[in-house]
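Heads up: the structure comes next, in structure tokens.
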Amino acid sequence: MKPRQLAQAWVDAFNRADADAIAAFYAEDATYLQVGESPVRGREAIRQVFADVFASAGRILFVENIFEEGDWAILEWSAGQGLKGCGLFNVVEEIIVLQRGYGSNLVS
């Protein structure tokens, strides 16, 4: 998958609250960085982050835009109640090696 396609598939898995599908998009040694939070490293640790999000938040993401530039996808999203954010996905050989997230906290 190209970065843009992977970002859309990531949103689809997020909206199904499927932590296992989300985790499968990440390299075994991937890093997930959310502004204001400690870095999370490794596929299993990232899976657990999303399992926790899905257990407590029940959010649905709406795609505002997805941009692609080289090995990067940039996802602008909204989630209702004024929540908005941006995720940057570094995709190498069809797998996320780094994700940075900016914006509203999805767990709140």
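Some values worked out for this structure:
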| quantity | calculated |
| --- | --- |
| Residues of the range 29-108: accessible area per residue with a 1.4 Å probe, Å² | 55 |
| Net charge contributed by nearby residues that have their C-beta within less than 12 Å of Phe54 (K/R +1, D/E -1) | 0 |
| Sorted largest first, extent of the range 27-78 alpha carbons per principal axis (Å) | 27, 27, 20 |
| Per-selection Kirkwood Rh - the range 7-52 (Cα, Å, 1 d.p.) | 10.6 |
| Sulfur and carbon atoms: percent of accessible area, the chain [1.4 Å] | 51 |
| Burial order of peptide ranges 18-27, 92-101 (average beta-carbon count within 10 Å, highest first) | 18-27, 92-101 |
| Candidates Gly82, Gly70, Gly58, ranked by Gaussian network fluctuation over the chain, Cα under 10 Å, top entry | Gly82 |
| The range 25-84 - charge dipole about Cα centre, Lys and Arg +1 at Cβ, Asp and Glu -1, debye rounded to 20 | 300 |
| Tail beyond 18 Å, pair distance distribution of the chain (Cα, percent) | 43 |
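The values are calculated or read from the model by the stated rules, or taken from the named source; none is laboratory data. As the structure is a prediction and not an experimental result, all values here were calculated from the model. With ideal geometry, Cβ positions are generated from the backbone for all residues, glycine too; neighbour counts draw on all protein chains shown. These accessible areas exclude ligands, DNA and RNA; they are computed on the full protein's heavy atoms, side chains included. Shrake-Rupley method; radii C 1.70, N 1.55, O 1.52, S 1.80 Å.
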